[in-house]
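Chemist: Please see the structure below; I have some questions.
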Number of protein chains: 2
Amino acid sequence: MRDVAIVGAGMTRFGELWDASLRDLFVEAALAGLGSAGADRVDSIYVGNMAAGQFVGQEHLGPLMADHLGMHGVPAVRIESACASGGAALRMGFLDIASGQSDLVLVAGVEKMTDGADVTNVLATASDQETEVYHGITFPGLYAMIARLRMERGTTTEEDLHWIAVKNHRHGAMNPKAQFRREISVDDVARSTMVAEPLRMLHCSPVSDGAAAVLLAPLDQARRYTDRPVRIAGSGMATSTIALADRPDPADLDVVRLSAERAYAMAGMSPERVQLAEVHDCFTVAEVCCLEALHLANGSEASQAARTGYSALGGRVPVNTSGGLKSKGHPVGATGVAQVIELFDQLRGEAGERQVPDAHVGLAQNMGGSGASSVVHILERV
Amino acid sequence: MRDVAIVGAGMTRFGELWDASLRDLFVEAALAGLGSAGADRVDSIYVGNMAAGQFVGQEHLGPLMADHLGMHGVPAVRIESACASGGAALRMGFLDIASGQSDLVLVAGVEKMTDGADVTNVLATASDQETEVYHGITFPGLYAMIARLRMERGTTTEEDLHWIAVKNHRHGAMNPKAQFRREISVDDVARSTMVAEPLRMLHCSPVSDGAAAVLLAPLDQARRYTDRPVRIAGSGMATSTIALADRPDPADLDVVRLSAERAYAMAGMSPERVQLAEVHDCFTVAEVCCLEALHLANGSEASQAARTGYSALGGRVPVNTSGGLKSKGHPVGATGVAQVIELFDQLRGEAGERQVPDAHVGLAQNMGGSGASSVVHILERV
């Protein structure tokens, strides 16, 4: 396998972007990514998208986006793994370059969620239609059960979760691309509307529009495009049961552990090497489960990581310096690519006031469903 | 890149399979494919599917199918390129093996279309939502315009098209997996209900349920699984404008030509080497356009190929010996994989009464939309 590098990146602002369509968002992010690398044509395009068919009545995003990007003829395909679609698309682009088939690949995630669809029910189609959706449960309820289980075991408290939202908003307030650029307090979280007990509105990532794009090239060709390429040192993907109730321990995201162990093995790195991480905080409790499963913190450390500062900027492993899904926003198909863009910026020393000093190794973890699929990428400055 | 072989295959019958769900269909095909190769676990799974979110309210098919197949933990992702989803999924599996990442990959396409969804409108989400669907056109109308254009130019007649349906039903009558195992006459076609002038019901592929699966391995490991592996000699993908009206010549499927030329180049073969082909006859006129664009017949030869026997069993290049989409059925996400299974059977000499004598090289062409995406694979007996 050839070594693969990220050589360019671009993204839209995340938010309720009512003046931009699905294709507008994609093209804006893709052109920014291409421009950053001085490239105008690629060998292949991977589009990460969860549910444009349901959200805006449009499948077949591969040719649509190649066409609207002015790249007539270029192979282009959509990759879907629910909210992990962006990470999964990155993995496909990685394999395409690694195989020797392509020398320059565009990977872009996009989602347009605010055009009037019944968002919570569309998202629920990422859970088990026959055993979960049919009985009326949606994702806030599924993650609430994970949170409740952890609280009943005494491993995580409500206040631990409040602090995760506070920390991620503090980070996101410094991110010009974030949907919510404002700090919130523990009190704000504790008093916000209950959604699915114990999860309140400020424990939940928002409904967002947005797109994010990266350009991949073989590492030995990367300096044609940038003097600061970032190597993809490891890529790991895993699946678990799609239905939460089918797992031996629903509070343990085994899929995250497995995907991470595969990525660490490919990178030849231990978790101690990771200096910062973007993890899938679709609900605050997910960030706790992920830190544990990624071996970035042990049980009580993980639960209290935001409160103690362990996972805040300046702490042992800053987590979600971008603001995470919670503050930056969560256009589901774009999220996995946007996570990697935060690492790309950090590892190149371009993260502005959010910069983690002397960052060499970062990890991105992107999740689908209630932990049915997970993709982990480990990035390294070269 | 490592050489890649198909080492096993399995599929369900195609048809209105009301007693089987989406996951049932997938698992039946996948287990048949695994069984044929004596395998029980793979390194990676690619699911070709166009629109299960819209058809049956289920996205996130990667983990769902890995889970229901009993392959906990295995990386699994859905690949979508409208009706070319199966071919695109095969290409991803090919790249995964070629890269060295995986040593055994399951590629399976599946679609469940008869569960009550508004099928024609769901399929229309593969065309351009903003410039085509919004104005009310669906695929029968788009392909009817292609047919009308060819008829007005005098390159293709209505009767040429009738013969394609007749030929494909003759082939399909010999295929135990086909949805319509009966011969039809030119008169039957000419008298069938008009759908979108000049296309009548018997010019159109049906609405179908079904799944098809193949197993891929590196060629140098293939004999662990079978003594008759079939090599993927070439894989080519291309896109064109998603909207038919945006193409310089809507009657010319440039996307097919480009994808074929890429596959021929990778295989190091000229079209003369191709002894049989499965092409995307979603409407009869598509088979004419494809034969031309694949360089398997020139203009008038292509139009008259079914009538003259050129493309029938026993002719110069038997086309759609499986019955094609027209007679075998067209569960859209499964089609691209099922095409390749027909070639796999033919190249191994296992096609029964449909056998093309001494077949060494076959080509499969799978199309998305009205020619917005196309995937071509060239298979070779080894």
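The values are calculated or read from the model by the stated rules, or taken from the named source; none is laboratory data. All values derive from a computational prediction rather than experimental measurement. Positions of Cβ are generated from backbone atoms using ideal geometry, with glycine treated the same way; all protein chains shown enter the neighbour counts.
Chemist: So which of B:371, B:349 ends up being assigned to a loop (DSSP other than H, G, I, E, B) and either in the same structural domain as residue B:32 (by TED's automatic domain parsing) or surrounded by fewer than 24 Cβ atoms within 10 Å (Cβ to Cβ) (or both)?
Modeler: Values: B:371 fails: either in the same structural domain as residue B:32 (by TED's automatic domain parsing) or surrounded by fewer than 24 Cβ atoms within 10 Å (Cβ to Cβ) (or both).
Of B:371, B:349, the one residue that is assigned to a loop (DSSP other than H, G, I, E, B) and either in the same structural domain as residue B:32 (by TED's automatic domain parsing) or surrounded by fewer than 24 Cβ atoms within 10 Å (Cβ to Cβ) (or both) is B:349.
Chemist: Of everything in segment A:31-54 that's more than 9 Å from chain B (Cβ to nearest Cβ) and hydroxyl-bearing (Ser, Thr, Tyr), which residue is nearest to residue B:129 (Cα to Cα)?
Modeler: Among those residues, the one meeting the criterion is A:46.
Chemist: Can you confirm whether segment A:286-299 contains a residue that is within 14 Å of chain B (Cβ to nearest Cβ), under 27 Å from residue A:53 (Cβ atoms) and out of contact with any strand residue (DSSP E or B) (no Cβ under 8 Å at 6 or more places or on another chain)?
Modeler: First pass over segment A:286-299, keeping only residues within 14 Å of chain B (Cβ to nearest Cβ): A:293.
Retained after the next criterion (residues that are under 27 Å from residue A:53 (Cβ atoms)): none.
Among the residues of segment A:286-299, not one is within 14 Å of chain B (Cβ to nearest Cβ), under 27 Å from residue A:53 (Cβ atoms) and out of contact with any strand residue (DSSP E or B) (no Cβ under 8 Å at 6 or more places or on another chain), which makes the answer no.
Chemist: Taking the residues in segment B:9-30 that are under 20 Å from the mean Cα position of the chain (by Cα) and surrounded by fewer than 24 Cβ atoms within 10 Å (Cβ to Cβ) as candidates, determine which candidate is farthest from residue B:327 (Cα to Cα).
Modeler: Restricting to residues being under 20 Å from the mean Cα position of the chain (by Cα) and surrounded by fewer than 24 Cβ atoms within 10 Å (Cβ to Cβ), the top hit is B:27.
Chemist: Then there's this: Restricting to segment A:11-30, and then to whatever is within 21 Å of residue A:117 (Cβ to Cβ) and touching a helix residue (DSSP H, G or I) at 6+ places or on another chain (Cβ under 6 Å), can you tell me which residue is farthest from the other protein chains (Cβ to nearest Cβ)?
Modeler: Filtering segment A:11-30 for residues that are within 21 Å of residue A:117 (Cβ to Cβ) and touching a helix residue (DSSP H, G or I) at 6+ places or on another chain (Cβ under 6 Å), the one farthest from the other protein chains (Cβ to nearest Cβ) comes out as A:14.
Chemist: Report those helices (runs of 4 or more DSSP H) wholly inside segment B:118-209 carrying at least 1 residues which are farther than 20 Å from residue B:83 by Cα and under 20 Å from the mean Cα position of the chain (by Cα). Walk me through how you get there before you give the answer.
Modeler: Details: elements: B:119-124, B:139-153, B:158-172, B:186-191.
Fully inside segment B:118-209 and qualifying: B:158-172.
Chemist: In segment B:71-117, how many residues are of a type in the set (Gly, Ala, Ser), assigned to a helix (DSSP H, G or I) and buried (at least 24 other Cβ atoms within 10 Å of the Cβ)?
Modeler: Initially, segment B:71-117 is screened for residues of a type in the set (Gly, Ala, Ser), giving B:73, B:76, B:81-82, B:84-89, B:93, B:98-100, B:102, B:108-109, B:116-117.
In the following step, the residues that additionally are assigned to a helix (DSSP H, G or I) were identified as B:85-89, B:93, B:98-99.
Still in the running and buried (at least 24 other Cβ atoms within 10 Å of the Cβ): B:85-89, B:93, B:98.
Residues flagged as of a type in the set (Gly, Ala, Ser), assigned to a helix (DSSP H, G or I) and buried (at least 24 other Cβ atoms within 10 Å of the Cβ) within segment B:71-117 amount to 7.
Listed here are the residues, each with its yes/no results for (1) over 24 Å from residue A:311 (Cα atoms); (2) within 14 Å of another protein chain (Cβ to nearest Cβ); (3) in contact (Cβ under 8 Å) with a residue 60 or more places away in the chain.
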{"residue": "A:124", "(1), (2), (3)": "yes, yes, no"}
{"residue": "A:129", "(1), (2), (3)": "yes, yes, no"}
{"residue": "A:137", "(1), (2), (3)": "yes, yes, no"}
{"residue": "A:141", "(1), (2), (3)": "yes, no, no"}
{"residue": "A:148", "(1), (2), (3)": "no, no, no"}
{"residue": "A:158", "(1), (2), (3)": "no, no, no"}
{"residue": "A:166", "(1), (2), (3)": "no, no, yes"}
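Chemist: Every residue in segment A:330-356 that is in contact with a Gly (Cβ under 9 Å, 6 or more places away or on another chain) and more than 19 Å from residue A:375 (Cα to Cα), please.
Modeler: Of the residues in segment A:330-356, the ones in contact with a Gly (Cβ under 9 Å, 6 or more places away or on another chain) are A:330-347, A:354-356.
Correct list: A:345, A:346, A:347, A:354, A:355, A:356.
Chemist: So, restricting to helices (runs of 4 or more DSSP H) that lie completely within segment A:250-319, which ones have at least 3 residues that are surrounded by fewer than 23 Cβ atoms within 10 Å (Cβ to Cβ) and at pLDDT 95 or above? Working first, answer last.
Modeler: Details: elements: A:254-267, A:284-293, A:299-308.
By residue number, A:254-267, A:299-308.
Chemist: Further question: Taking the condition of being away from chain B (no Cβ under 14 Å) and either basic (Lys, Arg) or in contact (Cβ under 8 Å) with a residue 24 or more places away in the chain (or both), how many residues in segment A:190-248 meet it? Steps first, please.
Modeler: First, the residues of segment A:190-248 that are away from chain B (no Cβ under 14 Å): A:190-215, A:217, A:219-231, A:233.
Checking the rest, the ones that are also either basic (Lys, Arg) or in contact (Cβ under 8 Å) with a residue 24 or more places away in the chain (or both) come to A:190-191, A:195-200, A:202-215, A:217, A:219-226, A:228-231, A:233.
Number of matching residues: 36.
Chemist: If we scan segment B:324-331, do we find a residue that is of a type outside the set (Lys, Arg), over 17 Å from the mean Cα position of the chain (by Cα), outside the structural domain of residue B:13 (by TED's automatic domain parsing) and outside any helix (DSSP H, G or I)? It would help to see each step written out before you state the result.
Modeler: Let us first name the residues in segment B:324-331 that are of a type outside the set (Lys, Arg), namely B:324-325, B:327, B:329-331.
Checking the rest, the ones that are also over 17 Å from the mean Cα position of the chain (by Cα) come to none.
The answer is no, given that none of the residues of segment B:324-331 is of a type outside the set (Lys, Arg), over 17 Å from the mean Cα position of the chain (by Cα), outside the structural domain of residue B:13 (by TED's automatic domain parsing) and outside any helix (DSSP H, G or I).
Chemist: Please enumerate the residues belonging to segment B:128-169 that are surrounded by fewer than 22 Cβ atoms within 10 Å (Cβ to Cβ), of a type in the set (Asp, Glu) and under 13 Å from residue B:284 (Cα atoms).
Modeler: Correct list: B:158, B:159.
Chemist: Considering segment A:55-113 alone, what residues qualify as being small (Gly, Ala, Ser), at the interface with chain B (Cβ under 7 Å from one of its Cβ atoms) and either touching a residue at least 24 places away in the same chain (Cβ under 8 Å) or at positive phi (or both)?
Modeler: Within segment A:55-113, A:57, A:73, A:76, A:81, A:82, A:88, A:98, A:99, A:100 qualify.
Chemist: From the list A:253, A:142, A:216, which one is in contact with a Cys (Cβ under 7 Å, 6 or more places away or on another chain) and under 22 Å from residue A:376 (Cβ atoms)? So that I can check it myself, show each step before the final result.
Modeler: Working: A:142 fails: in contact with a Cys (Cβ under 7 Å, 6 or more places away or on another chain); A:216 fails: in contact with a Cys (Cβ under 7 Å, 6 or more places away or on another chain).
That would be A:253, the only listed residue that is in contact with a Cys (Cβ under 7 Å, 6 or more places away or on another chain) and under 22 Å from residue A:376 (Cβ atoms).
Chemist: Restricting attention to segment B:35-53, which residues are part of a helix (DSSP H, G or I) and crowded, with 23+ Cβ neighbours inside 10 Å? It would help to see each step written out before you state the result.
Modeler: Going through segment B:35-53, the residues part of a helix (DSSP H, G or I) turn out to be B:35-37, B:52-53.
Correct list: B:37, B:52, B:53.
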